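Enquirer: To start, I am sharing the structure in question, which I have written as structure tokens.
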Amino acid sequence: MSATRFTYLGPEGTFTEAALRTLPEAATRELVPMVSVPAALDAVRNGEAAAALVPIENSVEGGVTSTLDELASGEPLMIYREVLLPIAFALLVRPGTKLSDVKTVTGHPVAQPQVRNWLRANLPDATWESAASNADGARLVQEGRFDAAFAGEFAAATYGLVPLVTEIHDAENAETRFVLVGRPARPAAPTGADKTSVVLWLGDDHPGALLELLQEFAVRGVNLMLIQSRPTGEGIGNYCFAVDAEGHISDRRVSEALMGLKRTCPQVRFLGSYPRAGVAQGDVRAPRPGTSDGDFMAASDWLTRCLDGRA
């Protein structure tokens, strides 16, 4: 395995690259752009890279389905870090292009919902066609295949383009969440401000099946931060669920919830426990009464005394 190489969703100039460069360890690694999320993750699976940074969630569009599907299938991988990056787009064009010249535009599919209103107001007749990434869209503009691309302003110099309009976003404070993914290993020690990610499969389709899964978290006071259904590929109506929960797998409330799920689900894939981005330990809500590690230990001690006749 190449311990000195990180892959990411490329080409050069993507928001993913910008997010990766915020990590201190990126300064000492070879950063290799890949053509797709599956390619970036497969490089980790086959030992060509130590880790990959890929987008997983957007505050406007929701989950990035290609990443969720890749993490739910194939050889298991594990999330070690997450990065939150504010997102604002620039309209990149070849030098000399005016707004009235723009008839065709491109960008990543996740970008379109974030600029839809701007497009309607400023380029109502322009035709949109999706690209593999925002930076790839910039490359296509450089090659003359489109008039403009929505990408990060920082990508302009890489592709010999100029930003015609900057700070484009329909939603204020839009963010994209990225995850650093490697091969499975022991989770990092808890920080007090952590997140645990899993993928769950329903055993059979019956009334209340999803509720039964959610109750494993609810009765133990575990707050869910994301739940998204994804088709399993085994026919209409067959779904798995990607779940992000507050807490670390070593927290008793989280570990007992996962054990309950393992008893009732045909498959549970643990994707990692890792520090939450942008959240300090002091900002984390205290566990609900009865759900702290001390409460679980006290209950276990009580049960032991009952079994020993000392209750």
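Enquirer: So which residues in the range 121-133 are open to solvent by less than 20 Å² (accessible area, probe 1.4 Å) and closer than 12 Å to Val105 by Cβ, if there are any at all?
Expert: Correct list: Leu123, Ala131.
Enquirer: I'd like the full set of residues that are at pLDDT below 95 and not acidic (Asp, Glu), limited to the range 6-15. Write out each step before concluding.
Expert: Going residue by residue through the range 6-15, those that are at pLDDT below 95 are 9-15.
Once the filter is applied, which keeps residues that are at pLDDT below 95 and not acidic (Asp, Glu), the range 6-15 yields Leu9, Gly10, Pro11, Gly13, Thr14, Phe15.
Enquirer: Count, please, the residues in the range 158-173 that happen to be assigned to a helix (DSSP H, G or I) and modelled with pLDDT of 95 or more.
Expert: Result for the range 158-173: 1.
Enquirer: Same structure, new question: I'd like to check something: does the range 48-55 contain any residue that is under 20 Å from Pro109 (Cβ atoms), open to solvent by 10 Å² or more (accessible area, probe 1.4 Å) and in contact (Cβ under 8 Å) with a residue 12 or more places away in the chain?
Expert: Looking through the range 48-55, at least one residue is under 20 Å from Pro109 (Cβ atoms), open to solvent by 10 Å² or more (accessible area, probe 1.4 Å) and in contact (Cβ under 8 Å) with a residue 12 or more places away in the chain.
Enquirer: Going through Ser130, Ser66, Ser73 one at a time, which residue ends up being under 30 Å from Ala188 (Cα atoms) and touching a helix residue (DSSP H, G or I) at 6+ places or on another chain (Cβ under 9 Å)?
Expert: Going through Ser130, Ser66, Ser73 in turn, just one is under 30 Å from Ala188 (Cα atoms) and touching a helix residue (DSSP H, G or I) at 6+ places or on another chain (Cβ under 9 Å): Ser66.
Enquirer: Which one is least open to solvent (accessible area, probe 1.4 Å), of the residues in the range 264-311 that are in contact with a helix residue (DSSP H, G or I) (Cβ under 6 Å, 6 or more places away or on another chain) and assigned to a loop (DSSP other than H, G, I, E, B)?
Expert: Here the residue is Thr291.
Enquirer: Within the range 97-106, can one find any residue that is open to solvent by less than 10 Å² (accessible area, probe 1.4 Å), β-branched (Val, Ile, Thr) and assigned to a helix (DSSP H, G or I)?
Expert: Among the residues of the range 97-106, not one is open to solvent by less than 10 Å² (accessible area, probe 1.4 Å), β-branched (Val, Ile, Thr) and assigned to a helix (DSSP H, G or I), which makes the answer no.
Enquirer: Within the range 1-41, count every residue that is among the hydroxyl-bearing types (Ser, Thr, Tyr), under 19 Å from Ala138 (Cβ atoms) and either in a helix (DSSP H, G or I) or open to solvent by 40 Å² or more (accessible area, probe 1.4 Å) (or both).
Expert: Of the residues in the range 1-41, 1 are among the hydroxyl-bearing types (Ser, Thr, Tyr), under 19 Å from Ala138 (Cβ atoms) and either in a helix (DSSP H, G or I) or open to solvent by 40 Å² or more (accessible area, probe 1.4 Å) (or both).
Enquirer: Might you let me know whether the range 64-83 holds any residue that is of a type in the set (A, V, I, L, M, F, W, C) and more than 30 Å from Cys240 (Cα to Cα)?
Expert: Within the range 64-83 (the criterion being of a type in the set (A, V, I, L, M, F, W, C) and more than 30 Å from Cys240 (Cα to Cα)), the answer is no, since none of the residues qualifies.
Enquirer: What are the residue pairs meeting all of these: first residue in the range 299-311, first residue farther than 18 Å from Arg220 by Cα, second residue among the small types (Gly, Ala, Ser) and not in a helix (DSSP H, G or I), Cβ atoms under 8 Å, and 6 or more apart or on different chains?
Expert: Arg305/Ala311
Enquirer: Something else about it: Taking the condition within 20 Å of Pro33 (Cα to Cα), open to solvent by less than 20 Å² (accessible area, probe 1.4 Å) and touching a Lys or Arg at 6+ places or on another chain (Cβ under 6 Å), does Leu180 pass? Talk me through it step by step, then tell me what you get.
Expert: Numbers: within 20 Å of Pro33 (Cα to Cα): yes; open to solvent by less than 20 Å² (accessible area, probe 1.4 Å): yes; touching a Lys or Arg at 6+ places or on another chain (Cβ under 6 Å): yes.
So Leu180 passes the test.
Enquirer: A further question on this structure: Would a scan of the range 212-225 turn up a residue that is on the phi > 0 side of the Ramachandran plot, out of contact with any strand residue (DSSP E or B) (no Cβ under 7 Å at 6 or more places or on another chain) and without any contact (Cβ under 8 Å) to a residue 12 or more places away in the chain?
Expert: No, because not a single residue in the range 212-225 is on the phi > 0 side of the Ramachandran plot, out of contact with any strand residue (DSSP E or B) (no Cβ under 7 Å at 6 or more places or on another chain) and without any contact (Cβ under 8 Å) to a residue 12 or more places away in the chain.
The values are calculated or read from the model by the stated rules, or taken from the named source; none is laboratory data. Bear in mind the structure is a predicted one, so any value in this text is a computation, not a measurement. In this analysis, Cβ positions are derived from the backbone assuming ideal geometry, glycine residues included, and neighbour counts consider all displayed protein chains. We work out accessible area using only protein heavy atoms, side chains counted, and drop any ligands, DNA or RNA first. Shrake-Rupley method; radii C 1.70, N 1.55, O 1.52, S 1.80 Å.
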